[in-house]
Each structure stands twice: as structure tokens, then as C-alpha cells.
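**Student:** Below is the structure I would like to discuss, written out as C-alpha cells.
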Amino acid sequence: MSHPPTTTSSAPVKGVLFMLAGGALLTVNDAVLKWLSADFPVGQILFMRGIFVFLPIGFLVWRAGGLRALRVGNAGGHMLRAGLVVCGTFLFITGLSYLPLADAIAITFAGPLFITALAPALLGEHVGWRRWSAVLIGFLGVMVMVRPTGAAIQWVALFPLAASLAGALRDIVTRRIAMGETSVSLLVTTTSAVVLGGLATAPLGWSPIAALDLGLFAFAGVVLGSAHFMLIEAFRFAEASAVSPFKYSNLIWAMIFGFAIWGHVPDAWTLGGSALVIGGGLYILHRETRRRAAAK
């Protein structure tokens, strides 16, 4: 999702608070999806949740100026981005169904590492040795979490890892098309694609939905849409360099929810690996911030 351009950090505290709130809501959504994944196939989850995501999206469209905010300038870019979102969401929820919540979220933090590694080929950006070193350290952290030691390999960890790659490609596409598109138009097209992608799995067999489950689907949809609103506001009130580091607070929420609901306690492999991944991501953000400041 693209964000409104920000030239000054007009209210950094508000920006940070919105980022923290948005991250907490995203993790709540992930926890609900993990709960639902025990009884429902991934496609059904995507379809049912997606329907309810349109409720807060309607508010965002109204807030952005109505239907004129839904204009699409690059249909091909929208379709490519939507396809990546569908693939990434399928992969992430599949991983959630097998992994502890904190493990799955920690692995997805590899996204900035993938973006940096792919930037020279796909964006024509120069990546210096310092950022390449951060990428290597971050991927070392991923290997620590995956633990590729023969039979002990957590092969299911490849699902959130592949989801983070799809997310990185999504963000690269977003960078290329964002100047001519609005945030809400990208949000509407990708949500529509997720709903249709989920619906396409109906012939494979869906599970009956009880009233409580329907309420959880609705809750997850509203929470996800509200989280996107919070993140948009975070980048509206503060510069990306000020608020982006706080997205890693999602791991804290994931550990809290994972322990409270499922009794999961992250082991030393997960904590150590996630520290390397987060450290690599933060250093990449630091270097990019300095590079952009020097280019002004």
C-alpha cells in the first residue's frame, strides 16, 4: 500500500502512536486468523474476512474524497500488486496454521532484506557494502529461526518466508506505481483480488460457519481495515524514518497474544534469529535515511 507523501514530520508523536496502534491491530488480526485456520481452509478465511474489510475501506474512501479517489492509472501495476498480495496472504496464513504466532511474524520481518537485495535488479538502485552486510546478517537470522539441521528443519517456516518475499515484491511494485495511484485505490483493488482469490477455492470444499465464527470473521475484517487506516495516518503525521522502526513492536504483541491464547513461549532460536533480522532491517533503514538525506 502506498502512503501519502510526507515532507515534514509535523506530529511525530502522533505518527508513532498510530504506528504502534496499527501494528497491534495487525497482530490481533493475525491471531484471529490463526484461531480460524484450525477449522477453516485458507481460501474461505480470505473470502469471509475480505468481505468485512470493505466496511472500514468504505470509510477510507469517503475520507479520501469519494469515488474519485478510486481512479486507477496503471491497471497492469494494480493487477500485479494484487496478485502478489493474494499469493503472500495465502502463504502467510498457511504458515500461521502451523507455526507459533511470534515465529511466523518474526520471519516476515525479512521483507526489508528482500527489498534491499532485489533493489539493484528491479529498481536500479545502488546498494553499498554496508547494506549488503546488513542483508547477510538478517538472512543469517532467518536461517537461525528456520534451523536447517537435517530432520530438525522447520520446513513450514518457508511459508512466511515466501510470504515476506511476495510482500517485498509487492512493495517494489508499489514504489514504481505509487506516484500515480492513491492509497485507497490500491487497497480496494488488492482487497477485491483477495476476496476473489478466496472465492475461487470454494469448489475445493468449505466448512460450515457458526454464528461465533461469523463474528470472528467480521471482527478480523474490521480490525484489518482499521489497521490500514492507522498505518496511513502514521505516515501522514511523521516521516517514514521516524515511524518505521516501531513496526517491529508487532513481535512483542505476537509474543503476548501467542502466550495468552496458545501458551507459546518463543525459544532461544526464535529470539536470537529475530534479533539479527530486526537489527539488519533497522540498519538498512538507517543507511537509506542517510542516503536520501545526502541526495537532497
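**Student:** Considering only the stretch 110-127, state which residues are surrounded by 13 or more Cβ atoms within 10 Å (Cβ to Cβ) and part of a helix (DSSP H, G or I).
**Tutor:** Within the stretch 110-127, Gly111, Pro112, Leu113, Phe114, Ile115, Thr116, Ala117, Leu118, Ala119, Leu122 qualify.
**Student:** What pairs can you find where one residue is in the stretch 173-186 and small (Gly, Ala, Ser), the other is surrounded by 21 or more Cβ atoms within 10 Å (Cβ to Cβ), and their Cβ atoms are less than 7 Å apart, with a gap of 6+ or different chains?
**Tutor:** Within 7 Å, the pairs are Ala178/Ser2; Ser183/Ser2; Ser183/Ile232.
**Student:** Here's another thing I want to ask about it. Kindly indicate whether any position in the stretch 59-82 is of a type in the set (Gly, Ala, Ser), at pLDDT below 95, within 16 Å of Leu216 (Cβ to Cβ) and surrounded by fewer than 21 Cβ atoms within 10 Å (Cβ to Cβ).
**Tutor:** No, because not a single residue in the stretch 59-82 is of a type in the set (Gly, Ala, Ser), at pLDDT below 95, within 16 Å of Leu216 (Cβ to Cβ) and surrounded by fewer than 21 Cβ atoms within 10 Å (Cβ to Cβ).
**Student:** If you take the residues in the stretch 264-285 that are over 11 Å from Pro112 (Cβ atoms), of a type outside the set (Gly, Ala, Ser) and free of Cβ contacts under 8 Å to residues at least 40 places away in the same chain, which one is surrounded by the most Cβ atoms within 10 Å (Cβ to Cβ)?
**Tutor:** Here is the first cut: in the stretch 264-285, the ones over 11 Å from Pro112 (Cβ atoms) are 264-276, 279.
Remaining after also requiring of a type outside the set (Gly, Ala, Ser): 264-267, 269-271, 276.
Retained after the next criterion (residues that are free of Cβ contacts under 8 Å to residues at least 40 places away in the same chain): 265, 267, 271.
Details: Val265: 12, Asp267: 13, Leu271: 16.
Selected residue: Leu271.
**Student:** Sticking with this structure for a sec: Could you tell me which numbered condition Leu91 fails, if it satisfies all but one of (1) surrounded by fewer than 23 Cβ atoms within 10 Å (Cβ to Cβ); (2) in a helix (DSSP H, G or I); (3) among the hydrophobic types (A, V, I, L, M, F, W, C); (4) modelled with pLDDT under 95?
**Tutor:** (4)
Yes/no per residue for (1) modelled with pLDDT under 95; (2) farther than 26 Å from Ile172 by Cα; (3) basic (Lys, Arg):
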position	(1), (2), (3)
Met1	yes, no, no
Thr7	yes, no, no
Val13	yes, yes, no
Ala31	no, yes, no
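**Student:** Please name all residue pairs, on different chains or six or more residues apart, with Cβ atoms under 7 Å, provided the first residue is in the stretch 12-39 and is crowded, with 23+ Cβ neighbours inside 10 Å and the second residue is aliphatic (A, V, I, L, M) and outside any helix (DSSP H, G or I).
**Tutor:** Listed by first residue and then by second, the contacts come to Gly15/Ala238.
**Student:** For Ala294, all conditions in the list (1) assigned to a helix (DSSP H, G or I); (2) buried (at least 16 other Cβ atoms within 10 Å of the Cβ); (3) of a type outside the set (Asp, Glu) hold save one; what is the number of the exception?
**Tutor:** The number of the failed condition is (2).
**Student:** May I ask you to verify whether Arg292 is of a type in the set (Lys, Arg), in contact with a Lys or Arg (Cβ under 9 Å, 6 or more places away or on another chain) and within 30 Å of Val127 (Cα to Cα)?
**Tutor:** Working: of a type in the set (Lys, Arg): yes; in contact with a Lys or Arg (Cβ under 9 Å, 6 or more places away or on another chain): no; within 30 Å of Val127 (Cα to Cα): yes.
Judged against the criteria, Arg292 is not a match.
**Student:** Quick test for you: out of Leu123, Leu101, Leu161, Leu199, pick the one residue that is under 30 Å from Gly73 (Cα atoms), of a type in the set (A, V, I, L, M) and under 21 Å from the mean Cα position of the chain (by Cα). Outline the logic, then answer.
**Tutor:** Values: Leu101 fails: under 30 Å from Gly73 (Cα atoms); Leu161 fails: under 30 Å from Gly73 (Cα atoms); Leu199 fails: under 21 Å from the mean Cα position of the chain (by Cα).
The conditions single out Leu123.
**Student:** Now a separate question. Being within 13 Å of Leu26 (Cβ to Cβ) and buried (at least 22 other Cβ atoms within 10 Å of the Cβ) is the filter here, so list the residues in the stretch 233-249 that pass it. Even if it seems obvious, please write down each step before you answer.
**Tutor:** Residues of the stretch 233-249 within 13 Å of Leu26 (Cβ to Cβ): 234, 246-249.
Selection gives Ala234 alone.
**Student:** Scan the stretch 34-67 for residues that are touching a helix residue (DSSP H, G or I) at 6+ places or on another chain (Cβ under 6 Å) and under 15 Å from Ala202 (Cα atoms) and jot them down.
**Tutor:** Selection gives Val42, Gly43, Ile45, Leu46, Phe47, Met48, Arg49, Gly50.
The values are calculated or read from the model by the stated rules, or taken from the named source; none is laboratory data. What you are looking at is a predicted structure, and each value in this text was computed from that prediction instead of being measured. Please note: Cβ atoms are built from the backbone with ideal geometry, for glycine as well, and neighbour counts cover all protein chains shown.
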